[in-house]
Amino acid sequence: LKDQFDNLDKHTQWGIDFLEKYAKFVKERIEIEQNYAKQLRNLVKKYCPKRSPKDEEPRFTSCIAFFNILNELNDYAGQREVVAEEMGHRVYGELMRYSHDLKTERKMHLQEGRKAQQYLDMCWKQMDNSKKKFERECREAEKAQQSYERLDNDTNATKADVEKAKQQLNLRTHMADENKNEYAAQLQNFNGEQHKHYYIVIPQIYKQLQEMDERRTIKLSECYKGFADSERKVIPIISKCLEGMILAAKSVDEHRDSQLVIDCFKSGFEPPGDFPFEDYSQNIYRTISDGTISTPKQEGMRIDTKTTVGKAKGKLWLFGKKPKPQSPPLTPTSLYTSSTPNGSQYPIFSIEPVHYCMSDIKTGKPRIPSFRSLKRGNFCLQGPALEDFSHLPPEQRRKKLQQRIDELNRELQKETDQKDALIKMKDVYEKNPQMGDPSSLQPKLTETMSNMDRLRMEIHKNEAWLSEVEGKVAARSDRRHSSDINHLVTQGRESPEGSYTDDANQEVRGPQQQHAHPNEFDDEFEDDDPLPAIGHCKAIYPFDGHNEGTLAMKEGEILYIIEEDKGDGWTRARRHNGEEGYVPTSYIDVTLEKNSKGA
C-alpha cells in the first residue's frame, strides 16, 4: 500500500460519508419516533374524557377499562419519546461529534502525507537537475577533447591553437568532475529520503489512517448496539403497559354494567295496574227500569260512545303524549237520584263526571299531601322540588339523597377536625402566651361551630327526606299485593303516559264499588297500616328530641324498631301510641326479631 495514497484518501472519505449516512438514518428514525409519540398522545387526548362533574364520571366497567387502556397508551407514547431521546443523545449526537473529530484527524494525516510526498519530489528534482547538468558537462568535455585531438593532429595548426584547445579540455573535464560529484551527492541524498519516505514516513501515516478507520468502524458498532439498547431498555415498561391493557380488558364485567344500568334507571314505580271496566250501559238499564226517557238536560250531558272508546284507546297507549283534559269541575248537579223497582233510592254519577274523575285521578297531581305523610308528620319536611329531589322517581331520589348525606357527613368530619385543631391550638396559646393570642382563634372557632350546626341540620333534614321516600317505597311494595286482591288502582305509581305523583295512598275503586258510602273514602286512609316493627329497643340514656323528625324518649323506655340504622347513627322507632321518629343508635339497646315483619 506504499503507492496507494490516493486510494486510501478515497477510502477514508467513503468511511466518513457512510458514518454521516448512518447518522442521517438515526435522525430520521428519531423523527419517526417523535411523530409517532405525538400522534399517540393526540389520539389519547382526543378520546380521553374531559373533566366532568362527579355525577357524569364513567361507571361502566367497559368505559373504565377503555380509559385505563388510554392511560396505558399514553405511557406507551411516553416510552416512545424516551426511545427517541435516548437515540438522539446516545447515537445521533455521538455520531455527529465523532464525525467532526474524524474529519479533522483525517485532514491532518493527509496533509502530513502530502508534505512527505512533496519533500520527496523536491529531492528527486534536485537529483534530476544535478544529473542533467553532469550529463551536459560530460558532453561538453567530450567535444573539447575531440577539438583538441583534431588540432593536435593537424600539421597546419599553430602551437597557440593547440594550447588553447588543451586548456579548454582541461576546464571541461574539471567541470564534469565537479558535476559528477554533485550528482553523486544528490543521488545519495534522494535515495536516503526515498527510503525514509517509503519505509518510515508513509507507513506511519498509513498506520494512523488505518487506526482512524478502525476506530470509525468500532464507533459504528457501538452506535448499532446503542441503537438497539435504546429500544431494549423500554421493552419491560412497554410490556407492563401491554399487561395493563390486558388487565383492563379482563376487568370488563358485563353483569356489573347491567346492574349499573338497572340502578341508574330504576324508578321504584310499580307497573300500571288493570284498567277498570267502565259500564256505559247503566243509563240504558236505568232508563228501561224507570220506564221513562231522560230529560233533555241529562241527554245533553251524555257523551258519544265512539268518542269515549276512542279516548279510552288513547289512554291505553303506554308511551303516548296525552293533553290534559279540560273537563268541567264536578258539581252537585252532576248527582241525581234513581229509584229501584222496590222504591229505594241511591245516588248515581252521570257518565261525564265519572269519566272526569277517573281521568283526574289517573293523570293529575294529588291535590292534598299523602294522609300517611300527614299522619306521621313528614309532610312538613318536604322542601323545594329541586332541594329534596321530589321531581325524581323514588329510587333515584333515594340515591341522590343518600349521596348528599354522605357528602354532608364528609364536610361535617372536616369541620370537626378543624374544630379539634383550633381547640388544641387555643390550649397551646393559653399555656404559652408568647406563641399567640388565644382570643384571636375565637371567631374562627365560632364560625366552625356554626358550620357544624348548619351541617347537622342539613343532614337531619335530608335523612328525614330519605326516611320518607324509603317509607313510601316500602309501603308501595306492601300495597302491591293487597291491590291485586282488592282490584284497586293505586295512585302515586307511573301512569300509562309516563307521569307519576307523590301521593301513595289515594286509591280509585272499580265500577262495582261506586255506590259505597262517602265516609268510606276517609276510612280508606285511616285503615292504612303503619310500617311493621322489626324489633324492639330499650333506651339506655334519655333523649330530648328537640329537632324536627326526632323522637324524645326517657331512660328505660321500650320502643318498637321500624327501621334499622343505615350507617348515619340514627334508628327509626315508634311508641306504643303510634308516634314515630329517629333516635340516636348509641342511646338504645336494640334487639331485632326474626320473622317479625307482620308483628
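The values are calculated or read from the model by the stated rules, or taken from the named source; none is laboratory data. It should be emphasised that the depicted structure is a prediction, and the values quoted were computed from it without experimental measurement. Using ideal geometry, Cβ is built from the backbone for each residue, glycine included, and neighbour counts are taken over all protein chains shown. The protein model used for the area step is the full one, side chains on, heavy atoms only, and it has no ligands, DNA or RNA in it. Shrake-Rupley method; radii C 1.70, N 1.55, O 1.52, S 1.80 Å.
A few notes on this one:
- Number of positions in segment 401-431 that are open to solvent by less than 60 Å² (accessible area, probe 1.4 Å) and within 16 Å of Met452 (Cβ to Cβ): 9
- Flag if Arg172 is out of contact with any His (no Cβ under 9 Å at 6 or more places or on another chain), open to solvent by 100 Å² or more (accessible area, probe 1.4 Å), in a helix (DSSP H, G or I) and of a type outside the set (A, V, I, L, M, F, W, C): no
- Of everything in segment 90-137 that is of a type in the set (Phe, Trp, Tyr) and open to solvent by 80 Å² or more (accessible area, probe 1.4 Å), the residue that is farthest from Gln13 (Cα to Cα) is Trp124.
- Candidates Asp101, Asp75, Asp9: the one that is more than 30 Å from Leu401 (Cα to Cα) and without any contact (Cβ under 8 Å) to a residue 12 or more places away in the chain is Asp101.
- Of all residues in segment 369-396, those satisfying the criterion of being assigned to a helix (DSSP H, G or I) and either of a type in the set (S, T, N, Q) or modelled with pLDDT of 80 or more (or both) are Ser373, Gln396.
- Matching residues in segment 563-573 - criterion: being at pLDDT 85 or above and either small (Gly, Ala, Ser) or under 18 Å from Pro542 (Cβ atoms) (or both): Trp570, Thr571, Ala573
- Criterion (at pLDDT below 90 and part of a helix (DSSP H, G or I)) met by exactly one of Ala165, Ala157: Ala165
- The helices (runs of 4 or more DSSP H) found entirely in segment 211-290 that carry 1 or more residues being over 30 Å from Asn68 (Cα atoms), in contact with a Ser or Thr (Cβ under 6 Å, 6 or more places away or on another chain) and of a type in the set (Lys, Arg) are 282-290.
- Residue that is surrounded by the fewest Cβ atoms within 10 Å (Cβ to Cβ) [pool: residues in segment 579-599 that are at pLDDT below 85 and of a type in the set (Gly, Ala, Ser)]: Gly598
- Any hit, segment 44-58, residues being crowded, with 16+ Cβ neighbours inside 10 Å, under 33 Å from the mean Cα position of the chain (by Cα) and not acidic (Asp, Glu): yes
So that you can scan it fast, the table gives a plain yes or no per residue for (1) touching a residue at least 60 places away in the same chain (Cβ under 8 Å); (2) part of a helix (DSSP H, G or I); (3) under 38 Å from the mean Cα position of the chain (by Cα):
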residue: Lys424; (1), (2), (3): no, yes, no
residue: Tyr429; (1), (2), (3): no, yes, no
residue: Leu441; (1), (2), (3): no, yes, no
residue: Leu445; (1), (2), (3): no, yes, no
residue: Asn451; (1), (2), (3): no, yes, yes
residue: Arg454; (1), (2), (3): no, yes, yes
residue: Ile459; (1), (2), (3): yes, yes, yes
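- Any hit, segment 28-48, residues being under 16 Å from Gln210 (Cα atoms) and small (Gly, Ala, Ser): no
- Residue among Phe18, Phe66 that alone is closer than 30 Å to Ile235 by Cβ and under 13 Å from the mean Cα position of the chain (by Cα): Phe66
- Of all residues making up segment 218-230, the number that are under 20 Å from Tyr76 (Cβ atoms) and open to solvent by 50 Å² or more (accessible area, probe 1.4 Å): 1
- Residue that is nearest to Lys107 (Cα to Cα), among those in segment 182-198 that are in contact (Cβ under 8 Å) with a residue 60 or more places away in the chain and surrounded by fewer than 15 Cβ atoms within 10 Å (Cβ to Cβ): Tyr198
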